[in-house]
Structure formats: C-alpha cells, structure tokens
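Heads up: the structure comes next, in structure tokens.
The numbers here are math on the coordinates, done by the rules we state, and not lab data. On a predicted model such as this, the values are computed, not experimentally measured, just so you know. Positions of Cβ are backbone-derived with ideal geometry, glycine not excepted, and every protein chain shown enters the neighbour counts.
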Amino acid sequence: MSEMNAGAAYAGLIADQLAEERNRKTSLEARGITVITTSGTLATLLFALTAGLTTAAKFRLPGPARLPLLLALVAFVAAAAFGLATNLPLRYQEPTSAGLARLVSAKYWSGPAEIGQLRVAEAEITALAAARSANGRKVTLLLAAILSEVLAVVFLTWAIAVVLYNS
C-alpha cells in the first residue's frame with residue numbers, strides 16, 4: 001500500500017485559495033464598473049436637474065445651493081475615477097509560458113510526483129501572494145469609490161434641501 005504524503009492535502013488548499021482570490025479580483029472589478037455606471041448616471045441627473053431648474057422662467061438657484069452642488073459633482077467624478085482605478089491592470093504573478101513549457105521537458109516531466117506537487121504549490125503560493133496584494137489595493141480603491149459616491153449623494157441631498165427650503 002503506497003503512503004500518501006501531506007502535500008496532496010496542502011495542494012488542494014492552496015489551489016482553492018488561489019481560485020478564490022482570482023474570483024475576488026473579478027468581483028472587485030465588476031463592482032468598480034458598477035460604481036462608474038451609477039456615478040455617471042447620478043452625475044447626469046444632477047446636470048439635468050440643474051439645467052432644468054436654471055432654465056425655468058422664475059427660478060433662481062439659491063446661492064447656498066451652489067457649494068453642495070459643486071461638491072456633489074466633484075465627489076461623483078472622484079467616485080468614477082476610483083471605480084476606474086479598480087480595473088487598472090495590477091501586478092498579478094502567474095507562471096510564465098516559458099516556465100510552463102520547461103515543465104514538459106523530459107528532465108522535469110519524469111521526475112518524482114512529490115517534486116512536481118511541490119513546484120506547483122510554490123508557483124501557486126507566489127501567484128496567491130501577488131493576487132492578495134493586488135486585490136488589497138483594489139479593495140481600497142473600491143472603498144474610496146463607494147465612499148465618494150455616498151458623499152456625492154449627501155451633497156446632492158444637501159443642495160436639494162437648500163433649494164426646497166429657499167423656494
């Protein structure tokens with residue numbers, strides 16, 4: 001009966017963690033795109049509202065509403081910029097084509113299975129560490145995007161309250 005070493009169990013865990021981190025990257029980038037879309041839509045509505053109000057015959061935008069409208073616009077632009085930044089191609093380390101091609105040479109291909117498992121695990125751990133680092137930066141950018149969008153909504157609400165109060 002052949003003895004199985006612990007490497008097989010560890011290999012599964014490492015592969016699962018790497019797959020999870022790759023899925024996390026995809027999710028973060030999709031959320032960044034969502035922030036861009038909602039910020040763009042809300043900024044467009046802000047412009048439409050401002051244009052519609054300022055062209056009305058008797059409407060005059062109250063002076064105190066100008067600052068929160070400007071802050072809302074800046075915050076929407078910041079949210080979109082941070083959302084775009086979550087999709088920047090960061091440094092993810094994957095095995096190179098040359099490195100993978102080398103593995104099919106007779107020297108490596110016919111080596112002991114334990115050595116192969118160890119080398120695969122080493123490559124996956126390197127990729128996992130790089131992915132976690134890059135995804136950590138994407139999380140920070142996404143949080144900044146969401147916070148900027150929330151601030152923009154707060155500023156827009158403030159501006160609307162000023163307009164309604166002064167009408």
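Which angle from 0 to 90°, rounded to the nearest 10, does the C-alpha axis of helix 63-85 make with the longest principal axis of the chain?
20
About its Cα centre, what dipole magnitude does segment 7-165 give when the only charges are +1 on Lys and Arg Cβ and -1 on Asp and Glu Cβ, stated in debye to the nearest 20? Present the calculation step by step, with values, prior to reporting the outcome.
On the way: 14 positive and 9 negative charges, 109 e Å.
Value, rounded to 20: 520 debye.
In degrees, nearest 10, range 0 to 90: what is the angle between the Cα axis of helix 113-165 and the longest Cα principal axis of the chain?
Around 10 degrees separate the two axes.
Between 0 and 90 degrees, rounded to the nearest ten: what's the tilt of helix 7-55 against the longest Cα principal axis of the chain?
Orientation of helix 7-55: about 10 degrees from the principal axis.
What translational diffusion coefficient, to the nearest whole µm²/s, does the chain have by Stokes-Einstein, given a Kirkwood radius computed over alpha-carbon pairs, a temperature of 37 °C and 0.692 mPa s viscosity?
Numbers: Rh = 19.7 Å.
Estimated via Stokes-Einstein, D reaches 166 µm²/s.
If contacts are Cα pairs under 8 angstrom and at least 6 residues apart, what is the relative contact order of segment 7-165 in percent? Could you put the intermediate results ahead of the total?
On the way: 159 pairs, mean separation 70.1, N = 159.
It comes to 44 percent, rounded to a whole number.
Within 10 Å of each residue's Cβ, count the other Cβ atoms and sort K107, K58 from fewest upward. Can you show the working numbers first?
On the way: K107 9, K58 4.
The fewest-first ordering by Cβ neighbours comes to K58, K107.
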